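Here's the structure, in structure tokens; my notes come after.
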Amino acid sequence: MFSSLDPSIFDDPEFKEDSVRELIVAPILSRLGYGPTGDIRVTRSKSLKHPFIRVGTKNHPVTTIPDYTIYVDDKPAFVLDAKAPNQDVLDPAHVQQAYSYAIHPEVRCEEFGLCNGRQLVAFSVAQRDPLVIVEFDQIEARWEEIEKLLLPKYLQEPAMRRFKPDFGEALLRMGFDSDAALVMLGTRLNLFGVVSNEIVTASANCDMGFGEHCVSFDFHPKLLPEIVAGLPEPLAEQFCNALSRAPHQAAAGLVIELDLTARLGEETQGQWETFVPLLIEEIHESRFNPEEIAEDPNDIPPHVFKLRDAFVIRDGEEDA
């Protein structure tokens, strides 16, 4: 995107804020798909009817109008201010002004950013430290990170940024034959959920050698007894009972470890992303693996049954 732009241009005193806007920020927003009209759009220099923030009995003026306001579903979702290359985008004064604009009642964005060509930096109004800092020469290499910051679906649902790429989708893109059997050994599963009378789904993480991916396994409920067969009987019963009642979810916490055979399913459109589930065809072995994990791999809601809470380990033995 910037292959023809020599970064030494940032040292030229004639390369000012307007150049950053037109040669750096505008191409980034264009590549992200933002145009000047529609419910999802970018607007230049949105002025305020009341350019101040009232705190107590005092009015604090908002003196900076960020150059770009991104709208998603016709509502402001992100503000981005361009600065000249000789301006520090981490300068507290610049950050404060962009923050004051973002939290203004006429805007109310959860996130905002600044760009001086040398760096693109983004903040959340909820924390002081930057969400991300991208150097100019890293823009291409970290483009996926920029997408996770600024694409509409991530601005609508910031929690999606923690989602890992889909394993099935990666296999499909690599040309993996959907009829071929995929044998997976030592697969530790986490969150289970009942989709319908015909489908139960379970998630896992998988390192493909070039980064961790998320795997979605779909299987018929008749396979559930084989899947939990490695658990001590009281735990297997509790786990299955949790899936049988609302919210029909249960977190295995990587305690269930399987050797299995699966194949690629159909590409499926979820609420926020497209994924390709792996359809479990055979369970070769199920094991109880209570080995401690550094942290819970997913944010599990408190009302969901957690298998790790149902047992304790004493002297190497499990107690349900």
**Request:** For an R0 of 45 angstrom, estimate the FRET efficiency from the Cβ-Cβ distance between E266 and D11 and round to the nearest 0.05.
**Result:** 0.25
**Message:** Could you compute how much accessible surface E281 exposes when probed at 1.4 Å, giving the result in Å² to the nearest 10?
**Reply:** 100 Å²
**Residues I133 and Q156, FRET efficiency given R0 of 35 Å [Cβ-Cβ distance, rounded to 0.05]** = 0.90
**Message:** Give me the dipole magnitude in Debye, nearest 20, for the range 167-309 about the Cα centre, with unit charges on the beta carbon: positive for Lys and Arg, negative for Asp and Glu.
**Reply:** 300 debye
**Message:** 5 Å is the cut-off here: which amide hydrogens, built 1.01 Å from N in the peptide plane, fall below it relative to L254, excluding neighbours closer than 5 in sequence?
**Reply:** L189, N190
**Prompt:** D309 to A246: FRET efficiency via 1/(1 + (r/R0)^6), r the Cβ-Cβ distance, R0 22 Å, to the nearest 0.05?
**Reply:** 0.75
**Whole-Hz couplings from phi, Karplus 6.51/-1.76/1.60, listed for the range 22-30; x for Gly and Pro** = 7, 9, 10, 5, 4, x, 5, 5, 5
**Item:** Residue-level accessible surface for L149, protein heavy atoms, 1.4 Å, Å²
**Value:** 10 Å²
**Asked** Looking at the chain from every direction and averaging, what is the projected area of its Cα convex hull in nm²?
**Response** 22.0 nm²
**Fill in**
In the chain, lysine pairs 8 or more places apart or on different chains with C-alpha atoms under 19 Å apart total 9
**Prompt:** In terms of solvent-accessible area of protein heavy atoms at a 1.4 angstrom probe, what is the ranking of H220, H303, highest value first?
**Reply:** H303, H220
**Message:** Per residue, how large is the accessible surface of the range 229-268? Use a 1.4 angstrom probe and give square angstrom.
**Reply:** 42 Å²
**Request:** At a 1.4 Å probe radius, which order do K164, K16 fall into by accessible area, largest first?
**Result:** K16, K164
**Prompt:** Roughly how many Å² of E157 are accessible to a 1.4 Å probe, to the nearest 10?
**Reply:** 70 Å²
**Request:** For R173 and H284, compute 0.36 nm times the residue count separating them, minus their Cα-Cα distance, and round to one decimal in nm.
**Result:** 37.2 nm
**Request:** Pull out the extension gain between R31 and M1, defined as 0.36 nm times the separation in residues minus the alpha carbon to alpha carbon distance; nm, one decimal.
**Result:** 9.9 nm
**Complete:** Residues whose built amide H sits under 5 Å from the amide H of V132, excluding neighbours closer than 5 in sequence, are A122
**Prompt:** About the Cα centre of the chain, what is the dipole size in debye to 20, counting +1 per Lys and Arg Cβ and -1 per Asp and Glu Cβ, all else neutral?
**Reply:** 1660 debye
**Prompt:** Projected onto the charge dipole of the range 167-309 (+1 at Lys/Arg Cβ, -1 at Asp/Glu Cβ, origin at the Cα centre), which of N190, L172, T261 gives the Cα projection farthest towards the positive end?
**Reply:** N190
**Which of T274, T187 is most accessible, then next, and so on - probe 1.4 Å** = T274, T187
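The values are calculated or read from the model by the stated rules, or taken from the named source; none is laboratory data. This structure is a prediction, so every number in the text was calculated from the model and none was measured. Note that each Cβ is placed from the backbone with ideal geometry, even for glycine, and that neighbours are counted across all protein chains shown. Ligands, DNA and RNA are stripped out before the accessible areas are found, and what is left, the full protein with its side chains, is counted by its heavy atoms. Shrake-Rupley method; radii C 1.70, N 1.55, O 1.52, S 1.80 Å.
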